[in-house]
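Reading through the C-alpha cells given below for one structure.
The values are calculated or read from the model by the stated rules, or taken from the named source; none is laboratory data. Small disclaimer: the values here were computed from a predicted structure and weren't measured. Here the Cβ positions follow ideal geometry from the backbone for every residue, glycine too, while neighbour counts run over all protein chains shown.
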Amino acid sequence: MSQLILHGLILAFSFWMVADCLRRRQNPLWVLAILLLQPYGAFAYVVYVKWSERRRARSGVRAAAEPIAFSAPSRPSPRPLAVEPLATLEVADQLEEQRRFSEASHIYRRALDTTKNDPRALHGLARCLIELEQAREAIDTYEALMAIDPRYRNYTAALEYAEALHRVGRTLDAAGLLEGMVEETGRLNHRLALAHYHEVGGQTARARIVLEGALAAYASSPAPEQEANRRWHRRISDKLESLAAG
C-alpha cells in the first residue's frame with residue numbers, strides 16, 4: 001500500500017514538473033527526461049531550474065552593483081549647411097522685364113559660370129548689357145550665342161545682334177547679317193530690317209530694291225500667308241513711300 005502511494009506521489013511530482021517545464025518554455029527534451037527517467041528526471045529538472053534561477057539572481061545583483069554610466073544624449077549628425085541656391089534664370093528674366101538690368105546681369109553671369117554656353121543665359125546677359133550701354137561686351141555675348149544657335153528664339157537674338165552691331169557703328173556688318181537671314185528665311189520682317197540698315201548706312205537705292213522685292217514676294221505668296229503678313233506688308237509699303245518722298 002505504501003509503495004502504491006509512493007508511486008502515485010512520484011507520478012504526481014513528475015507531471016507537476018512537466019507542467020512547470022511547459023510553462024517556463026524549457027527545452028522539450030526535459031519533458032522526455034522527466035517522463036522516462038522517473039523520478040530522477042524530475043529531480044534533475046528541479047536542480048537545473050534552481051541553478052538557473054540562482055545564476056540569474058547573481059547576475060542581477062552584479063548588474064545592480066555596477067555604476068550606471070549615463071551617456072550624453074545622442075545628437076543627430078550635423079547636417080550640412082543648406083547652401084542657398086543660385087537665383088534661377090526665371091528670376092533673372094523677371095528682373096529684366098522690370099528693367100532691373102544690373103541685378104539680372106549678375107544672375108545671368110553666375111549661371112554662365114555654371115554652364116558656360118547656356119543659350120538662355122547668354123541671351124539674357126546680352127540684352128542686359130545693351131541696356132546698360134555696354135554694347136561691345138554685348139556683341140561678344142551675342143557672338144557666343146550665334147556660334148551655338150544662330151536661330152535662337154526664332155531669330156529674335158539675331159535681330160538684336162544686328163542692332164547691337166549698328167549701335168557700335170558696324171552698320172555694314174548688321175546689313176550683312178540680315179542679308180544672310182533674308183536668304184535663309186525670306187521673311188518680310190527680315191527684309192524690312194535689311195532695308196532699314198541699308199538706309200541708315202546711306203544705301204537708299206539698295207534699301208528700295210529690298211523693299212520692292214519684299215512686296216513682290218508678298219504678292220506671290222498664298223492667301224493664308226498674305227493674311228499673316230498683312231501688317232508687315234503695310235509697314236513695307238509705308239517705308240517705300242517714305243523713301244520715294246525723301
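A few remarks follow.
- Glu199 vs. criteria under 25 Å from Leu122 (Cα atoms), surrounded by fewer than 24 Cβ atoms within 10 Å (Cβ to Cβ) and acidic (Asp, Glu): no
- Selection within the range 109-119 - assigned to a helix (DSSP H, G or I) and either surrounded by fewer than 13 Cβ atoms within 10 Å (Cβ to Cβ) or under 17 Å from the mean Cα position of the chain (by Cα) (or both): Arg110, Ala111, Leu112, Asp113, Thr114
- Any chance Glu133 is farther than 20 Å from Leu165 by Cα, of a type outside the set (Val, Ile, Thr) and modelled with pLDDT of 95 or more: no
- In this entry, Gly180 is excluded by the filter for residues that are at positive phi and either touching a strand residue (DSSP E or B) at 6+ places or on another chain (Cβ under 8 Å) or modelled with pLDDT of 95 or more (or both).
- Just one of (1) touching a residue at least 12 places away in the same chain (Cβ under 8 Å); (2) surrounded by fewer than 22 Cβ atoms within 10 Å (Cβ to Cβ) fails for Gln94. It is (1).
- Where a residue in the range 159-187 is under 16 Å from Ala147 (Cβ atoms) and surrounded by fewer than 20 Cβ atoms within 10 Å (Cβ to Cβ) and its partner, wherever it lies, is modelled with pLDDT of 95 or more and not β-branched (Val, Ile, Thr), with Cβ under 6 Å and at least six apart: Asp173/Leu165
- All positions within the range 212-232 that are more than 16 Å from Thr185 (Cα to Cα) and in contact (Cβ under 8 Å) with a residue 12 or more places away in the chain: Glu212
- Restricting Arg153, Arg206 to residues that are under 26 Å from Arg127 (Cβ atoms), surrounded by 14 or more Cβ atoms within 10 Å (Cβ to Cβ) and of a type in the set (Lys, Arg) narrows the list to Arg153.
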